[in-house]
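Enquirer: Before I ask anything, let me first share the structure, which is written out below as structure tokens.
The values are calculated or read from the model by the stated rules, or taken from the named source; none is laboratory data. Model, not experiment: these values are computed from the prediction. Cβ coordinates were reconstructed from backbone atoms using ideal geometry, including for glycine residues, and neighbour counts include every protein chain displayed.
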Ligand code: GRF
């Protein structure tokens, strides 16, 4: 399948999908990487892998509707059959999400439905949680609220700071995101309304 990856920063999750496509574990190919920031390091990863890139800066547009309209066109030009949000730090409009419904995946650094939004690692520490993790989910109009496909848990140890927990979570992100993308590209994964299904089984 043709995959388009959206990023805002480092792109370490993008890298795992680049690698998965290259080594054949993901039966797909990245047709383009789109960033909302020109200095996103992930753009360099794409260039190194000979993947076309586009920068669409949110600063060039007056509102979300305009931004998302331009983003939508870029994604269509890349012929996307799957859109992977990998650290793309933008809220998408309901129109955009509906248009690509069933084809939008995101990774969020918490055990959803816990800790939607930002600062998830610090919030988990502050709450005294012994467990934390990450979730891959389909994107719906509800921010960080779409159906979860796969989660990975990590421990939080006494004395951990947010960066230590973040590193532990990141390691798991790099395992579960390419796996979910693999399932999608194998036509095994579907979104039906607010549910995620794998091999005909409700997740
Ligand atoms: C990840 O922690 C992801 O969960 C969050 O943004 C971060 C992206 O990291 N949404 P990277 O750019 O893939 O390295």
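Let's see how each residue does on (1) within 19 Å of residue 139 (Cβ to Cβ); (2) touching a strand residue (DSSP E or B) at 6+ places or on another chain (Cβ under 6 Å):
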site: 14; (1), (2): yes, yes
site: 19; (1), (2): no, no
site: 22; (1), (2): no, no
site: 39; (1), (2): no, no
site: 73; (1), (2): yes, no
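Enquirer: If you check 51, 26, 3, which single one turns out to be surrounded by 24 or more Cβ atoms within 10 Å (Cβ to Cβ), away from the ligand (no atom under 11 Å from the Cβ) and farther than 25 Å from residue 167 by Cα?
Expert: On the way: 51 fails: surrounded by 24 or more Cβ atoms within 10 Å (Cβ to Cβ); 26 fails: farther than 25 Å from residue 167 by Cα.
Within the list 51, 26, 3, the selection yields 3.
Enquirer: Could you please tell me which pairs satisfy a Cβ distance under 7 Å, a separation of 6+ or placement on different chains, a first residue in segment 92-107 that is over 26 Å from residue 175 (Cα atoms), and a second residue that is at pLDDT 95 or above and exposed (fewer than 15 other Cβ atoms within 10 Å of the Cβ)?
Expert: 93/65
Enquirer: Of 170, 132, which residue is within 14 Å of the ligand (Cβ to nearest atom) and within 13 Å of the chain's Cα centre (by Cα)?
Expert: 170
Enquirer: For the condition touching a strand residue (DSSP E or B) at 6+ places or on another chain (Cβ under 9 Å) and assigned to a helix (DSSP H, G or I), what is the one hit in 169, 136, 154, 149?
Expert: Step by step, each of 169, 136, 154, 149 is checked, and only 169 is touching a strand residue (DSSP E or B) at 6+ places or on another chain (Cβ under 9 Å) and assigned to a helix (DSSP H, G or I).
Enquirer: When you go through (1) surrounded by fewer than 15 Cβ atoms within 10 Å (Cβ to Cβ); (2) assigned to a helix (DSSP H, G or I); (3) in contact with a helix residue (DSSP H, G or I) (Cβ under 6 Å, 6 or more places away or on another chain) one by one for residue 44, which number turns out not to apply?
Expert: (3)
Enquirer: Kindly indicate whether residue 115 is outside any loop (DSSP other than H, G, I, E, B) and modelled with pLDDT of 95 or more.
Expert: Taking the combined requirement at face value, the residue does not satisfy it.
Enquirer: So in segment 14-23, with the set limited to residues that are over 9 Å from residue 42 (Cα atoms) and in contact with a helix residue (DSSP H, G or I) (Cβ under 8 Å, 6 or more places away or on another chain), which one is surrounded by the fewest Cβ atoms within 10 Å (Cβ to Cβ)?
Expert: Ranking the qualifying residues of segment 14-23, first place goes to 19.
Enquirer: Among the residues of segment 172-193, count how many are assigned to a loop (DSSP other than H, G, I, E, B) and either in contact with a strand residue (DSSP E or B) (Cβ under 6 Å, 6 or more places away or on another chain) or modelled with pLDDT of 95 or more (or both).
Expert: Residues flagged as assigned to a loop (DSSP other than H, G, I, E, B) and either in contact with a strand residue (DSSP E or B) (Cβ under 6 Å, 6 or more places away or on another chain) or modelled with pLDDT of 95 or more (or both) within segment 172-193 amount to 3.
Enquirer: What are the residues in segment 85-123 that are buried (at least 19 other Cβ atoms within 10 Å of the Cβ) and near the ligand (Cβ under 10 Å from one of its atoms), if any?
Expert: Once the filter is applied, which keeps residues that are buried (at least 19 other Cβ atoms within 10 Å of the Cβ) and near the ligand (Cβ under 10 Å from one of its atoms), segment 85-123 yields 85, 86, 87, 88, 106, 107, 108, 109, 110, 120, 121.
Enquirer: With the structure loaded, tell me whether residue 32 is within 11 Å of the ligand (Cβ to nearest atom) and either under 26 Å from residue 151 (Cβ atoms) or surrounded by 15 or more Cβ atoms within 10 Å (Cβ to Cβ) (or both) or whether it fails that test.
Expert: no
Enquirer: Do we find that residue 41 is within 14 Å of the ligand (Cβ to nearest atom) and at positive phi in this structure?
Expert: no
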